[in-house]
Amino acid sequence: MTAQPKRYITEQEYLVFERASTSKHEYFDGQIYAMAGASRIHNLIAGNTLAALHGQLRRKPCQVFPSDMRVKVTRTGLNTYPDLVVICGEPEYTDDALDTLINPFVLIEILSPSTERYDRGMKAQHYRTIETLQDYILIAQDHFHIEHYARQDNGLWLLQEAIGIGSALIIHSIECTLALEDVYEKVDITPENPGISREIPPE
């Protein structure tokens, strides 16, 4: 016997399904993929980072959104939910529902064992095709470490890192600073209790 091919799902069918769903799903190439729930540490880091950026962006023409805001990568068709999204200028949406952005300026993902390979690999490839995107930031859960990929004028991406609780990262495109002591506030990371394994499970 041969396996039956999966039915191709249109993006409109996905949106009808997603807008009625109580959980989040990604959409790509005619298929819908369930997204795993976030851990306590993940949510704490996300909340801390949101608060840090919100305070600095209040008097600037930018907005920061949490993970409930969907982003569509126009060139590839990926619909996904970054952990944090920064928009500068007027937000642009796919339709009048105003729940799917297409012009992110900064995207932030918080790494976990189940998503790290994807966030560093295929998802990063999708994100880099977004013309408005200036910065892609990855935040570790198990140690004090932030990676910052900044788009350069020549189209290349420059990697900078902030390592250690006393360090900080400057996001020049939005004139904001992420101090690791703020991002990891109340996050317990010790050698005896590392929290998240860095091992990436095989496919």
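The values are calculated or read from the model by the stated rules, or taken from the named source; none is laboratory data. Keep in mind that what you see is a predicted model, and the values were worked out from it rather than measured. Cβ coordinates were reconstructed from backbone atoms using ideal geometry, including for glycine residues, and neighbour counts include every protein chain displayed. Quick note on the areas: whole protein, heavy atoms, side chains included, nothing else; ligands and nucleic acids left out. Shrake-Rupley method; radii C 1.70, N 1.55, O 1.52, S 1.80 Å.
Send over the Kirkwood Rh of segment 11-108, from the inverse of the averaged 1/r over different Cα pairs, rounded to one decimal Å. Mind dumping the intermediate values first?
Details: mean 1/r = 0.0700 Å⁻¹.
So the Kirkwood estimate lands at 14.3 Å.
At most 14 other Cβ atoms within 10 Å and a DSSP loop assignment: could you name the trypsin sites (Lys or Arg not before Pro) in segment 50-83 that fit? Numbers along the way, then the final one.
Working: sites: Arg58, Arg59, Arg70, Lys72, Arg75; in loops: Arg58, Arg59, Arg75.
Hits after loop and neighbour filter: Arg58, Arg59, Arg75.
For segment 12-103, which GluC sites (Glu not before Pro) are in a loop by DSSP, counting at most 14 other Cβ atoms within 10 Å? Write down the numbers at each step before the final one.
On the way: sites: Glu13, Glu18, Glu26, Glu92; in loops: Glu92.
Here the sparse-neighbourhood loop sites are Glu92.
What is the angle, in °, between the Cα long axis of helix 40-57 and the longest principal axis of the Cα atoms in the chain? Nearest 10 is fine, range 0 to 90.
Rounded to the nearest ten degrees, it is 70.
Using a 1.4 angstrom probe on heavy atoms only, work out the carbon and sulfur share of the accessible area of the chain in %.
Numbers: 6020 of 11290 Å².
Within the chain, the accessible surface is 53 percent carbon and sulfur.
More than 22 angstrom separation, counting every C-alpha pair in the chain; what % is that?
Working: 10316 of 20503 pairs.
More than 22 Å apart: 50 percent of the Cα pairs in the chain.
Less than 12 Å Cβ to Cβ from Leu84, Lys/Arg counted +1 and Asp/Glu -1: what total charge do the surrounding residues give? Write down the numbers at each step before the final one.
On the way: positive: none; negative: Asp68, Asp83, Glu109, Asp135.
Charge balance in the 12 Å sphere: -4.
So, for the chain, what is the accessible surface per residue at a probe of 1.4 Å, expressed in square angstrom? The partial results should precede the final answer.
Details: 11290 Å² over 203 residues.
With the other protein chains kept in place, the chain gives 56 Å² per residue.
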